[in-house]
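Only one structure is covered here, and it is reproduced in the block below.
The values are calculated or read from the model by the stated rules, or taken from the named source; none is laboratory data. Given the structure is predicted, the values throughout are model-derived calculations rather than measurements. Neighbour counts run over all protein chains shown; Cβ positions are idealised from the backbone, glycine included.
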Amino acid sequence: MKLLIKGVVQGVGFRPTVVRVARSLGLKGYVQNKGSHVEVYLESGEEEFIRELRNNLPSLAKIEEILRIDEPPSHRYEGFIIIKSEDGLRSSMIPPDTAICDYCLKELFDPKDRRYLFPFINCTNCGARFTAIYALPYDRKNTSMADFPMCRDCLREYNDEMDRRFHAQTTSCHECGPEYTLYDEKGRKMNVEDPIKEYARLMDAGKIGVMKSWGGIHITAVLDEIERLREWYGRPEKPFAIMVRDMETARRYAIIDKYEEGALLSPQRPIVLVKKEEGVPEDISPGLPNIGIYMPYSGAHHILFRYLRHDALIMTSANIPGEPMITENEKAFDLVAEAYLLHNRAIANRADDSLLRIYRGKKQFIRRSRGFVPVAFPVAYREQFIGVGAEMNLAFTVSKDGHLYGSQYIGNVSRLGNYEYMEEMMDKFLRWLDIRDIKAVGIDLHPKYASRKLGKKIAERFGAEMMEIQHHWAHAAALAGEHKKDEIIALSLDGTGYGTDGNSWGGEVIYSYGTGFERPGHLEEIPLIGGDKAVREPLRLVFAWSEKLGLESDIYDERTSEILRKLAENSIKTTSFGRFLDTLSAYLGICTYRSYDGEPAMKLERYIEAGRDLGFPAEISGDTALLSPIFEEVFSVKAEKERKKADIAHSAVKAALKGLVEIATEEAEKRGMRSVGITGGVSYNGAILAITEKELKNRDFEMLVHDFIPNGDGGIAYGQNFIVARKYGE
């Protein structure tokens, strides 16, 4: 009997497990990696074998399907063997990176173990995968370890079916593996006995360093150096993530619930945004209620913290602002740091650290990347479609054979470096999945988005159909697809998205029904004076609302005010919830200039959370949730004290959400639905989720949120894929 086993069966110790199970049962036959699946031939005993295999799966493996083919043997087998891999037609993918396991961690700090303090320690259960693999099948020759032939001891373990490193393709040791080298501020090699130990000493001494990890290169410094780091890196306000020694340390910096602890300690080791503890240095995340924390995930990280006196390090992606994270050693020196800890293993695929928040146990992905990519999302269609995403925080999707694969976080593709990075990764995904035909490609409706260029190129290459998809429809469709729903009413709330009327949407009630959508409601619109300049300078939004309400404003002098009035006449209109939040933030003096994406709205969150309801009006006119009555109240209240600012912020946001929820629930009632979703970048805001959920519960509705697909623009490509599958699927 031949068994074709599909699922997560590449690079996770699956074949060695098959061998151990088969031999323990005394079975004869073979196992072979076929690229798209693992093939097992058994002369007998397949039922017992399948049962034992399922009971003994490696921690990272997952069986999705077993096909049985009754086929006579070509010859008899003396025992059970592994046959050399074949390329095959691929429909499986590379497994994601996972933090080193407890077994490897124990060996790492055992002075008697031959891998004692070896920074690249791993086994079949853990280590770099996606970031180390160039091609399938997952064999050493196709990884960044191809340049490091195994020594005699590693080869012995590799060939021993009873060893934890049996057929572990990236295994190595001090004798045969990669190594770290330390360089000084001028890029000169430092002749030190222990590069990681010396780097730790330099960090403790207050140096700004650059450290190479699995999927990219990080800038590191102790927390005492934040002010100097911000000046050096030109990042005055944007929050930094910190890596901490252990959970005990994490709890000194943040208030962490059981779900957040679970995410922090998971094999994926993402950065988790958690609520700050009192006394945490404000400069880590200025003006924000939360802090990004993550745990060591590589052997090098664990060794570094062994030597560090400090219990936490700023560890942020090393890149020129707006460009992809650096992966090559030579380019690291362009950062002009004070120390460089670099290793000589190539990074096959860049992967930023994943970033998420937890809301009531649900993962809200801000960046879905290292550890979570390329994990497939199961879909009901088998055809091959592509969603290229939007522009900011982009990721793309490719579907094949009932699986939807999302790429790692790419970034803002209006920047050439990120666009080229997207092209490179798209080519890799198509090659890994052996895609030879694409039926349709989904692109964003915005005519100036760079991602459309790649979408058109792919459509022309494969002779595929191409479909323009409105941004907020894609958000809503992504949430519907995640919840396996054919239709959904969703609040699609973000900063911007090109509307079908040519204006900038972002405060929308969307009804998505597969091949189309309706817009039952939205926020009241105002002119976005000067376009993107109003996003960077949200006081222009305050001015626009003052003008709309006929109120005098002393924000600008009369000459500037007159110029802005004229600009307003020809400016596009916006219904954006993100811009609504920016207006409040600027008016209350919380943030009047945006130095990074989402800053004014993000800094408003702790005020919304802390405020009391003043009973601002939630009025609706037709399909519009009015903001004018809300701003009349806002502008009439003096807000000099923090307590009053919080009350105004909470009350204004609650009133706006009440209006949108009323429109959404009325629409849902008409269609016999008892749930309303919330999606888009604004839905990362925990205070806004809590208010929305309460308003929906008051109306006896369930709130649907994301848990797999990113809430923000990283989820757009999923929605695009779901939509084109509905239109062009069989």
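Which fully enclosed strands (runs of 3 or more DSSP E) of region 198-301 have 1 or more residues being closer than 18 Å to ASN319 by Cα and among the hydrophobic types (A, V, I, L, M, F, W, C)?
The strands (runs of 3 or more DSSP E) meeting that bar are 209-212, 217-222, 241-244, 271-276.
Collect the residues in region 453-473 that are in a helix (DSSP H, G or I), in contact with a Leu (Cβ under 9 Å, 6 or more places away or on another chain) and either without any contact (Cβ under 8 Å) to a residue 12 or more places away in the chain or of a type outside the set (Phe, Trp, Tyr) (or both), keeping them in residue-number order.
Filtering region 453-473 for residues in a helix (DSSP H, G or I) gives 453-462, 471-473.
Filter once more, keeping what is in contact with a Leu (Cβ under 9 Å, 6 or more places away or on another chain): 458, 471-473.
Once the filter is applied, which keeps residues that are in a helix (DSSP H, G or I), in contact with a Leu (Cβ under 9 Å, 6 or more places away or on another chain) and either without any contact (Cβ under 8 Å) to a residue 12 or more places away in the chain or of a type outside the set (Phe, Trp, Tyr) (or both), region 453-473 yields ILE458, HIS471, HIS472.
Could you say whether any residue in region 402-420 is modelled with pLDDT under 95, under 24 Å from GLU383 (Cβ atoms) and outside the structural domain of GLU383 (by TED's automatic domain parsing)? Looking for residues that are modelled with pLDDT under 95, under 24 Å from GLU383 (Cβ atoms) and outside the structural domain of GLU383 (by TED's automatic domain parsing), one finds none in region 402-420, hence no. Within the bounds of region 719-730, is there any residue that is free of Cβ contacts under 8 Å to residues at least 12 places away in the same chain and either buried (at least 24 other Cβ atoms within 10 Å of the Cβ) or over 19 Å from ALA477 (Cα atoms) (or both)? Within region 719-730, not a single residue is free of Cβ contacts under 8 Å to residues at least 12 places away in the same chain and either buried (at least 24 other Cβ atoms within 10 Å of the Cβ) or over 19 Å from ALA477 (Cα atoms) (or both).
Say whether the condition of being surrounded by fewer than 22 Cβ atoms within 10 Å (Cβ to Cβ) and out of contact with any strand residue (DSSP E or B) (no Cβ under 7 Å at 6 or more places or on another chain) is met by at least one residue in region 309-318. Yes, that holds for at least one residue.
Mind checking which residues of region 386-407 are touching a Ser or Thr at 6+ places or on another chain (Cβ under 6 Å) and β-branched (Val, Ile, Thr)? Selection gives VAL388 alone.
Is it true that PHE372 is modelled with pLDDT of 95 or more, over 16 Å from ILE94 (Cα atoms) and out of contact with any Cys (no Cβ under 9 Å at 6 or more places or on another chain)? In short, no.
Restricting ALA476, ALA544 to those that are touching a strand residue (DSSP E or B) at 6+ places or on another chain (Cβ under 6 Å) and either in the same structural domain as LEU581 (by TED's automatic domain parsing) or at pLDDT below 95 (or both) reduces the list to ALA544.
Considering each of ALA348, ALA390 in turn, give the residue that is of a type in the set (Gly, Ala, Ser), part of a loop (DSSP other than H, G, I, E, B) and touching an Asp or Glu at 6+ places or on another chain (Cβ under 8 Å). Unique residue meeting the criteria: ALA390. Go through the residues of region 627-636 one by one and say whether even a single one is outside the structural domain of HIS483 (by TED's automatic domain parsing), free of Cβ contacts under 8 Å to residues at least 40 places away in the same chain and outside any helix (DSSP H, G or I). Taking every residue of region 627-636 in turn, none turns out to be outside the structural domain of HIS483 (by TED's automatic domain parsing), free of Cβ contacts under 8 Å to residues at least 40 places away in the same chain and outside any helix (DSSP H, G or I).
Within region 666-707, the residues that satisfy the criterion of being surrounded by 22 or more Cβ atoms within 10 Å (Cβ to Cβ), in a helix (DSSP H, G or I) and among the polar types (S, T, N, Q) are SER683, THR692. Checked against (1) part of a loop (DSSP other than H, G, I, E, B); (2) in contact with a Ser or Thr (Cβ under 9 Å, 6 or more places away or on another chain); (3) surrounded by fewer than 20 Cβ atoms within 10 Å (Cβ to Cβ), THR496 passes all but a single condition, namely (3). Per the listing ASP427, ASP437, the residue uniquely in a helix (DSSP H, G or I) and within 29 Å of ARG129 (Cβ to Cβ) is ASP427. Just one of the listed residues (VAL222, VAL210) is within 26 Å of ALA351 (Cα to Cα), among the hydrophobic types (A, V, I, L, M, F, W, C), touching a His at 6+ places or on another chain (Cβ under 6 Å) and in contact (Cβ under 8 Å) with a residue 40 or more places away in the chain, namely VAL222.
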